[in-house]
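This report concerns only the one structure given below.
The values are calculated or read from the model by the stated rules, or taken from the named source; none is laboratory data. On a predicted model such as this, the values are computed, not experimentally measured, just so you know. Neighbour counts are summed over all protein chains in view; Cβ atoms, including those assigned to glycine, are modelled from backbone coordinates with ideal geometry.
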Amino acid sequence: MYDVLIIGSGAAGLTAALNAKENGLKVAILSKTYPTHSQTVQAQGGINAVLYEDDDSVDIHTQDTYKASCGLANKENINFMCKNAKDTILWLDKIGVPFTKNKNSKIAQRKFGGTKKIRTCYSSDYTGLKIVHTLFDQCIKNDVEFLNEHILLELIIDNNVCLGVIAFDIIEGIVKEFKAKSTILATGGYAGIYTNFTTNSFSNTADGLAVSLNAGVNLSNIEFVQFHPTALVNSNILVSESARGEGGYLLDQNEKRFVDELKPRDEVARAIYKKIKNNEKVYLDLRHLGLEKINSLMPQEKRLALEFSNIKLEHELLPINPAAHYSMGGIKTDINSNTNINSLYACGEVAQASIHGANRLGGNSLLEIVIFGKVAGVNASNNAKEIKNNKDKESNEFKKQKQYIKEIYTYTNEINFYESKEYLGKLFFDNVGLFRNEENLQLVINKLDEIKSKIPKMGILDKSIEYNKNLVDFLEFLNMIEIAEVIAKTAKNRKESRGAHYRDDYPEESKSYEKNSLIKKVDNKLILSFEDVL
């Protein structure tokens, strides 16, 4: 029995663990991979905070964030995040995050898109990676237990209370039960569903959301997926917004600038995609910055461009395209990271905390996951102190999942699900991507129904028990299909254009849709509705 069990080992989960551990409790992090493999490490450009208030303020940061949300965020929640930003940066600096410093030995900042001021703190272009490494070190020092290589299968819910989780031990190949007084979901987002058209890692497969949905947890705003304007052509490896924040240009094939590079991401990404759909090439131009500045501020971008595109940034144009990058939607939470299930919390990209709304500002994601990781850790640990040990017999969920894994081994292998996974990625990028419409969304829903009907024929070829990667991939594929259906149906249900959700058959914002979408599952059926932004 754990006091606090955290699912996910990115910056949100690590921060939650550190803050829960401060309460002197038994804390563990259960993760499909390892902390240094988390999606957080790919957040390159920076983390926002008003550090120097000579020409900036918390109010302006709040206004910028709310404006980007297109009316689908809670101003009080945003203000809470922005007010706590400075202390968060100072705390990260104190525990060892190597922020880049300016000539006066103060934390340096750069400008990101959609903002009025320069407020993005950074560590070269490795910001997320440096934050994760530092938090991981602190967790080890504070004796946080790590249960790596376990994939989440189900939440244990009794009378609307979460009592822990069922997970699959990938190394041993067996189903295990983990009881906890408080459980925190920090499993990341769902942009990985866009296979081959995403900046996300291969392990980002919407596991936490799929499991939560099936356990009766409410989801919100799943239709809002952010497409990053600049990813490397062919590989879709992220080229950080820092490249444009430091003065990079976006050029068409005639080497002409065609869009304000620091507009909100949804606008820039759509402008680029229009060019590409018209069979034009688009480039990122950093040549005018010079080798010294590139080496100093963008060493990772320089290395990635050379290794994956054979381009020298100081001399050549870099071909780019948009790619699915970030999930604005997620598990519906309040400002205290509570879900609609007691003793279950959520933080980070898996949560919809009414911060980003329809479009996220660059630099706010790292800020949100650290601030609300702390909130979740503190509240979950306080909750755990009030609960007595529950030593009941093994749960029904445990028995059910053991039987389910056995059943998967009996599926036939008439259809290669890996091919279906790649098909899903292209289907979504083409039809549930930067531009959407009723006809294409219905097409996707119909195709998903076809795929779901054939799942028993998509079984695994590898029938081994220990470290069966084929089985793990299949479980991930099932989670992706589950949330893909939610994305398509919520996108079809929102008959307007707002932020990252753009419909060419409804190209304007509609006041009647200035509401958050709410998704729940009742008797194995999706129930979609809208609710006021609270």
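Going by the conditions given, is Glu307 of a type in the set (Asp, Glu) and part of a helix (DSSP H, G or I)?
yes
Of the residues Asp473, Asp430, which is on the phi < 0 side of the Ramachandran plot, without any contact (Cβ under 8 Å) to a residue 12 or more places away in the chain and under 21 Å from the mean Cα position of the chain (by Cα)?
Result of the check over Asp473, Asp430: Asp430.
Working only within the range 13-33, note down all residues that are more than 16 Å from Asp207 (Cα to Cα), of a type outside the set (Lys, Arg) and either outside any strand (DSSP E or B) or not assigned by TED's automatic domain parsing to the domain that holds Ser337 (or both).
Correct list: Leu14, Thr15, Ala16, Ala17, Leu18, Asn19, Ala20, Glu22, Asn23, Gly24, Leu25.
For the range 230-243, give me each residue that is touching an Asp or Glu at 6+ places or on another chain (Cβ under 8 Å) and under 17 Å from Tyr273 (Cα atoms).
Within the range 230-243, Thr230, Val239 qualify.
Among the numbered criteria (1) part of a helix (DSSP H, G or I); (2) touching a residue at least 60 places away in the same chain (Cβ under 8 Å); (3) surrounded by fewer than 14 Cβ atoms within 10 Å (Cβ to Cβ), which single criterion is violated by Val370?
That leaves (3) as the condition not met.
Please work out if Lys275 is buried (at least 17 other Cβ atoms within 10 Å of the Cβ) and more than 13 Å from Leu313 (Cβ to Cβ).
Answer is yes for this residue.
Within the range 507-521, how many residues are without any contact (Cβ under 8 Å) to a residue 12 or more places away in the chain and either part of a strand (DSSP E or B) or charged (D, E, K, R) (or both)?
So the count comes out to 1.
If you scan the range 477-501, which residues turn out to be in contact with an Asp or Glu (Cβ under 7 Å, 6 or more places away or on another chain) and buried (at least 20 other Cβ atoms within 10 Å of the Cβ)?
Asn479, Ile487, Thr490, Ala491, Lys492, Arg494, Ser497, Arg498, Gly499, Ala500, His501
I'm trying to understand the selection: among the residues of the range 114-149, which are part of a strand (DSSP E or B) and either without any contact (Cβ under 8 Å) to a residue 40 or more places away in the chain or crowded, with 21+ Cβ neighbours inside 10 Å (or both)?
Those that are part of a strand (DSSP E or B) and either without any contact (Cβ under 8 Å) to a residue 40 or more places away in the chain or crowded, with 21+ Cβ neighbours inside 10 Å (or both): Thr120, Cys121.
For the range 393-427, which residues satisfy the criterion of being surrounded by fewer than 18 Cβ atoms within 10 Å (Cβ to Cβ), assigned to a loop (DSSP other than H, G, I, E, B) and touching a residue at least 12 places away in the same chain (Cβ under 8 Å)?
Selection gives Glu394, Tyr409, Thr410, Tyr411, Thr412, Glu414, Ile415, Asn416.
Failed condition for Leu441, given (1) modelled with pLDDT under 95; (2) part of a helix (DSSP H, G or I), with all others met?
So the condition that Leu441 fails would be (1).
Starting from the range 54-71, keep only residues that are more than 17 Å from Lys111 (Cα to Cα), then list their pairs with residues that are in a helix (DSSP H, G or I) whose Cβ atoms are within a distance under 7 Å, requiring at least 6 positions of separation or different chains.
Pairs that qualify, where the first residue is more than 17 Å from Lys111 (Cα to Cα) and the partner is in a helix (DSSP H, G or I), are Tyr66/Lys75; Tyr66/Ile78.
Within the range 35-43, does at least one residue satisfy the condition of being crowded, with 21+ Cβ neighbours inside 10 Å and either outside any helix (DSSP H, G or I) or more than 20 Å from the chain's Cα centre (by Cα) (or both)?
Within the range 35-43 (the criterion being crowded, with 21+ Cβ neighbours inside 10 Å and either outside any helix (DSSP H, G or I) or more than 20 Å from the chain's Cα centre (by Cα) (or both)), the answer is yes, since at least one residue qualifies.
In the range 282-304, which residues are in contact with a Ser or Thr (Cβ under 8 Å, 6 or more places away or on another chain) and in a loop (DSSP other than H, G, I, E, B)?
Listed by number, the list holds a single entry, Met298.
Filter the range 310-320 for residues that are assigned to a loop (DSSP other than H, G, I, E, B) and in contact (Cβ under 8 Å) with a residue 12 or more places away in the chain; which is surrounded by the most Cβ atoms within 10 Å (Cβ to Cβ)?
Leu313
Answer yes if at least one residue in the range 436-453 is within 23 Å of the chain's Cα centre (by Cα) and closer than 18 Å to Thr205 by Cα, and no otherwise.
For the range 436-453, residues within 23 Å of the chain's Cα centre (by Cα) and closer than 18 Å to Thr205 by Cα: present.
Looking at this structure, is Tyr506 closer than 22 Å to Gln352 by Cα, hydroxyl-bearing (Ser, Thr, Tyr) and outside the structural domain of Leu219 (by TED's automatic domain parsing)?
no
In the same structural domain as Ser69 (by TED's automatic domain parsing), under 23 Å from the mean Cα position of the chain (by Cα) and more than 25 Å from Arg303 (Cβ to Cβ): which single residue out of Cys82, Cys121 fits that description?
Selected residue: Cys82, the only one of Cys82, Cys121 that is in the same structural domain as Ser69 (by TED's automatic domain parsing), under 23 Å from the mean Cα position of the chain (by Cα) and more than 25 Å from Arg303 (Cβ to Cβ).
What are the residues in the range 444-462 that are part of a loop (DSSP other than H, G, I, E, B) and surrounded by fewer than 12 Cβ atoms within 10 Å (Cβ to Cβ), if any?
Leu461
Inspect all residues belonging to the range 510-519 and state whether any of them is under 24 Å from Phe224 (Cβ atoms), of a type outside the set (S, T, N, Q), touching a Gly at 6+ places or on another chain (Cβ under 8 Å) and surrounded by fewer than 20 Cβ atoms within 10 Å (Cβ to Cβ).
Yes, the range 510-519 contains at least one residue that is under 24 Å from Phe224 (Cβ atoms), of a type outside the set (S, T, N, Q), touching a Gly at 6+ places or on another chain (Cβ under 8 Å) and surrounded by fewer than 20 Cβ atoms within 10 Å (Cβ to Cβ).
Residues that are under 27 Å from Tyr122 (Cβ atoms) and out of contact with any Lys or Arg (no Cβ under 9 Å at 6 or more places or on another chain): which helices (runs of 4 or more DSSP H) entirely in the range 189-281 hold 1 or more of them?
Result: 242-245, 265-277.
Determine, yes or no, whether Thr33 is closer than 30 Å to Leu297 by Cβ and touching a helix residue (DSSP H, G or I) at 6+ places or on another chain (Cβ under 9 Å).
no
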